[in-house]
Amino acid sequence: MTPVMDDQSALNAPDIDTAEAEDPEFEAPPVFAEQDERRMHVRAYNHWASLLNGREFPAPGDLVPADIDDFGPNSVLLDFGEDHENPILRFIGDRLRAECDLEDAEIGFGAVPARSLLSRLTDHYFEIIANRAPIGFEAEFTSRRGNTTLYRGILMPLASDGQTIDCIYGVINWKEIAEPEIADQLALDTADMIASALETAPPADDIEDLLFGEDRADRDEAAPADLPADASLADRLAVARDEADGFASANERSRRALYRVLSQAWDFHLATRSAPEDYADMLRDAGLKVQARAPMTPVVKLIFGAGYDKARLTEFAAALAHAHRADIGAGAFTAFLDQTGGLKAAVAAERKARRADAGKPKRDPLAVRRADLRQRPAVQTLPFAADTDEEFVLVLARRDATGTLGAIAAVPHDERLVAGALKRVD
């Protein structure tokens, strides 16, 4: 197997080629980081890979979640050897059980509480069977307690015979975002800390280390890159992807960081108008197509990656579509979101606008044409018998040598013929 674990795929899924080579033995993939790897889902994947021992999948018996102090409390073991539709959760880590208010360590699939972190893990298990490889994912949701929660997880297949997947081991890590009132108080406390620190006038670097610690690097790289007005579309895409990778891999992802990425995405979209052929090449290389009902989806997939959480991609595309509806300019996306009320508000406004658009009666071009012709004066009127009560009638006429037209008969009514004639009348 050939693992791929760059900044983006580390979030979405270790991309593993499970096709057998000529040698029937499976080569265990290497670990992706040193032993101080901070990302829990990568550490979990490294552990799974270490159990392969030349097989396509480890066996369930090779894994003892209760003995894994590192990520065992954040893990779950699904066993669907008896029933693929209704697996049994044979193990639920202490931290996950506490978050879901579960007393039992073993429950049926149907007993997983809705809108819990455990449900975010189990929602993906069919993808494992289809892909036959570990699947990583990340997103945010509103928990049962009403808290906005960011999470990142991975599901890894297990097989008793080394080939037929009958268990899945999942690991998830999460962080709750402070409510606005708490965030405001934290901001005030931080301001007081800064003022107090400045009174003693330590070196600037010491202050930043005090306030930001390990997150300082994430904060320092947060400033958006400056691009010249004539920057190529490829350069703009590269900068936007760098912003997205930085946001996705940061330990402390902020709303402002996401807005910067989306601002780069918006500016990239505007730049595609001036380079349609380059954009078409990018889409073709990425295997993407533009659809009239979702024109912004390819933009966010190019930047965040097609494997990024689909729900989040849909939200990002909706926000960009709303900016398009408002016809904002380059560099104005963040201000637009602030004026709209934030990302969620922009998404909600776009969906409301789409519902309103869908409720409008569609303009019938034939009805418009009929109304137009109804107002035109008749070139000539003459008594003529027609075996129809329709307002518009097709008449067959013969032109003589002098150019005079003589009406011969009314054509039996056929709506398609009438419609075709209406379209062709100047």
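The values are calculated or read from the model by the stated rules, or taken from the named source; none is laboratory data. Owing to the predicted nature of the structure, the values given are computational and were not obtained by experimental measurement. All Cβ positions, even for glycine, are placed from backbone atoms using ideal geometry, and neighbour counts span all protein chains on display. Quick note on the areas: whole protein, heavy atoms, side chains included, nothing else; ligands and nucleic acids left out. Shrake-Rupley method; radii C 1.70, N 1.55, O 1.52, S 1.80 Å.
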**Q.** Accessible area expressed per residue, the stretch 339-426, with surrounding protein chains retained (probe 1.4 Å, Å²)
**A.** 82
Q | Ranked by how many other beta carbons lie within 10 Å on average, peptides 151-157, 170-176 from highest | A | 151-157, 170-176
Q. If r is the Cβ-Cβ distance from A286 to A367 and R0 is 45 Å, what FRET efficiency results, to the nearest 0.05?
A. 0.60
Q) For S232 and S274 in one chain, what is 0.36 nm times their gap in residues minus the Cα-Cα distance, to one decimal in nm? A) 14.1 nm
Q) What part of the accessible area of the stretch 29-153, given as a whole %, is carbon or sulfur when the probe is 1.4 angstrom? A) 46
Q) Based on Cβ point charges of +1 for Lys and Arg and -1 for Asp and Glu, what charge dipole magnitude is obtained for the stretch 57-148 about its Cα centre, in debye rounded to the nearest 20? A) 340
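Starting with the highest mean, order 380-389, 286-295, 134-143, 335-344 by the number of other Cβ atoms within 10 Å, averaged over the residues of each peptide. Before the final figure, lay out each step's value.
Details: 380-389: 8.2, 286-295: 10.8, 134-143: 19.7, 335-344: 15.4.
Peptide ranking by packing, descending: 134-143, 335-344, 286-295, 380-389.
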(Q) Just to verify a number: what accessible area does V411 come out at with the full protein assembly present, 1.4 Å probe, Å² rounded to tens? (A) 50
Q. What percent do you get for the relative contact order of the stretch 34-113 when only Cα pairs under 8 Å and 6+ apart count?
A. 19
Q: Taking all pairs of distinct Cα atoms, average 1/r, flip it, and tell me the Kirkwood hydrodynamic radius of the stretch 281-357 in Å to one decimal place.
A: 13.0
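Hey, can you rank 112-121, 268-277 by average C-beta count inside 10 Å, highest first?
Values: 112-121: 18.0, 268-277: 15.7.
Most protected by this proxy first, the peptides run 112-121, 268-277.
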